[in-house]
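Derivation of every value follows stated rules applied to the coordinates shown; laboratory data play no part. None of the values given here were measured: they were computed from a predicted structure. Virtual Cβ from ideal backbone geometry, glycine too; neighbours counted across all protein chains shown.
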Amino acid sequence: MYPIGTLQTPSTPVFPFEVILGCRLARAEDGTSIFVILWEFEVKPGSEGCFENAYGPQGAWVRLFQRDPHFRGTQLLRDPSRPLFYFTLDFWDSETAYHDFLDANRTAYEELDRYNEGLALREQHIGSFELSLPTSP
């Protein structure tokens, strides 16, 4: 079983990057921000272990994404109040890098998606976000 995070209060953030709310405009690809894709999954009862193996930090999705040098990591979160609900956050250098990856790896992505489709009752793309990264003063 792979370690996964659980949703936590704002005082103990689960994200690997601190969100900075500053006056400066952050732009993707200049090192001041990172692009994040957030998905929600309702996992089929009894499939939790297989789901965690596929979507966790050593899973097949991460191995596919690691083909690209602009992939920065994935976080798998489980909602403690709804144990069949999981969230993934995929971190990329930029939205452009993510879409370039999809274009270059569409067949492998679709094959992996079909292979894992029986693990979840429902999946939903919650949104894509640009997070500002901390900069040195």
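Remarks
- Listed by Cβ neighbour count within 10 Å, with the fewest neighbours leading, Ser128, Ser33, Ser81 appear as Ser81, Ser128, Ser33.
- Amide H contacts under 5 Å for Thr32, placed H, 5+ residues apart: Arg27
- Gain in span if fully extended, Glu111 to Glu123, counting 0.36 nm per residue against the direct Cα distance: 2.7 nm
- Tensor-based shape of region 81-137 (alpha-carbon gyration tensor, a/c under 1.5 rounded, otherwise prolate or oblate): oblate
- Based on the convex hull around the alpha carbon atoms, region 27-132 presents an average projected area of 6.6 nm².
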